[in-house]
Amino acid sequence: MEHLKKRRLTSAQTIILGFAAVILSGGILLSLPIATRSRESLPFLDALFTSTSAVCVTGLIVRDTATYFSLFGKLTIITLIQVGGVGVVTLAVTFAVAAGKKLRLSGQNVMLESVSAEDGKSAWRCARFILLFSLAIETFGALLLMPAFCLRFGARGIGYAFFHSVSAFCNAGFDLMGAETGQFSSLTSFVGSPLVNFTICGLILGGGLGFSVWGDIGRNKFRLKKYSVQSKAVLLFGALLVAVPSLYFYFIEFSSAAWKAELSGGERALASVFQAVTPRTAGFNTVDYSKMSEASLLVTIALMLIGGSSGSTAGGMKITTLAVLFCAAIAAVRKRKEVRCFGRRISNDTVKDAATIAFLYMTLFFTGSVAISAIEKLPIVDCMFETASAIATVGLTTGITAGLSAASHMILIALMYFGRVGGLTLFTAVAFGGKSGDDGSLPLGAIAVG
């Protein structure tokens, strides 16, 4: 018995292996001849790339989804997106309880950790809320998209509406517009549609807000003082990360003569808001990113790396990580001994976790960018954009994804996987097996910083 207990998987290991199993299964299904319209087998590396992108709700693709994959392939992709969006562990818990099985304490801990839920919550109630809430929002989003899509594409618009609603809420960025408006075109033909723009933006922000935040909103409504510190941080910093970039894109990027000749005033306003929202971390686009300035690409890279909220369908370092680091910087400037946020003290462990996550993301981001640039002989900004898109599970691209070599695709696969399972989760599971390190005291050492 002691031997078996020692070999039992930790929560972190269960999460990363669960995602890996689903990705591998998806890769096998997408490599079958039935998954393509031509009935020719997709090379396994391309199938694995597509499956990783779907399960990790990224949206980077090497084959146009609409024109290359069959109905079976598309259904497989949207299923993988849904599984990746709500979480492998969430679905496993839901089906287990529905089948009448009793959850062990270890299983409940894995579930709660996978969605960053608060201690003391019921794993089953949390899983049920996530699943039902997701399905309800996705259905509502599809109903809103139907008029615009059916008007443009006829009866096919019904299926398109559901596909894009799921893809948007799960922050995936996969689309079916390739057969209608050209391969890899995303939503560029709807740049002037307020209905499509605001619905997709609403779904992206809704999915990226975090299920715990939605629970807080449901319980407390407009009584903001009763919101948790996490909910307040997500809502405040999230609003700023939409408003400020929107103003930048409208007054700086889309004010140029080239964009004014291509887009009307209303289209530029919609495009500004959409391009501020989609890096967090959806992957849809209504303008061609290859036409944007390097300054705007760098702004987008920063937004992609920040991402959405913890316990959401979004990726990135997370808004809460940014909020904790910002509060830590304020505390350092004011020479405070403790980090404060909305009248509450933030633990040193949380600050260290935030710093570690930021360090891991930035290290892998720069390493991946340099590696791909060296391998492909491409401009570093394009490679930085692609790498940020992968590790933050966004899916935006300047158009270089399909033309990259196998080595670069493997790098992107690793980054997408890292970005979805979470930096600390993967690092802890692999490096330490989930065990705590030695907390023994050492002699104090002085290091000058700054």
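Each value in this text was obtained by applying a stated rule to the coordinates, not by laboratory testing. Here the structure is a predicted model, which is why all the values come from computation and not from measurement. Because the Cβ atoms are built from the backbone with ideal geometry, glycine has one as well, and the counts that use them run over all protein chains shown.
Assorted remarks:
- Amide N of the range 213-229 lying under 18 Å from the label point, which is placed 7 angstrom from the Cα of R336 along Cα→Cβ: 228-229
- Charge dipole (the range 280-394, unit charges on Cβ, about Cα centre) - positive-most of A323, S296, A388: A323
- Segments 408-417, 360-369, 34-43 sorted - mean Cβ within 10 Å per residue, highest first: 408-417, 360-369, 34-43
- Computed over the alpha-carbon atoms, the range 228-357 gives an Rg to Rh ratio of 1.06, Rh here being the Kirkwood radius from the mean inverse distance.
- 3J(HN,Hα) along the range 53-67: 4, 6, 5, 8, 6, 9, x, 5, 9, 9, 10, 5, 4, 6, 8 Hz, from the Karplus curve 6.51 cos²θ - 1.76 cosθ + 1.60 with θ = phi - 60°, whole Hz, x for Gly and Pro.
- Loop-resident trypsin sites (Lys or Arg not before Pro) (DSSP state other than H, G, I, E or B) in the range 170-275 with no more than 15 further Cβ atoms inside 10 Å of their Cβ: K221, R223.
- Highest-first arrangement of 314-322, 199-207, where packing means the average Cβ count within 10 Å: 314-322, 199-207
- Nearest-20 debye value, the range 290-380 charge dipole, Cβ charges on Lys, Arg, Asp, Glu: 540 debye
- Interchain or long-range residues, amide H under 5 Å from I346's placed H: V339, R340, C341
- The Cβ shell under 13 Å around T401 holds other residues with a net charge of -4, Lys and Arg each +1, Asp and Glu each -1.
- Whether the range 183-254 is rounded, prolate or oblate, judged on the alpha carbon gyration tensor where a/c under 1.5 counts as rounded: prolate
- Judged by the ratio a/c of the largest to the smallest principal axis of the C-alpha gyration tensor, the range 140-179 counts as oblate, that ratio being 1.5 or greater while a/b is no larger than b/c.
- Whether the range 155-287 is rounded, prolate or oblate, judged on the alpha carbon gyration tensor where a/c under 1.5 counts as rounded: oblate
- Here the simple spin-label model places points 7 Å from the Cα toward Cβ, and for A20 and D288 these points are separated by 4.1 nm.
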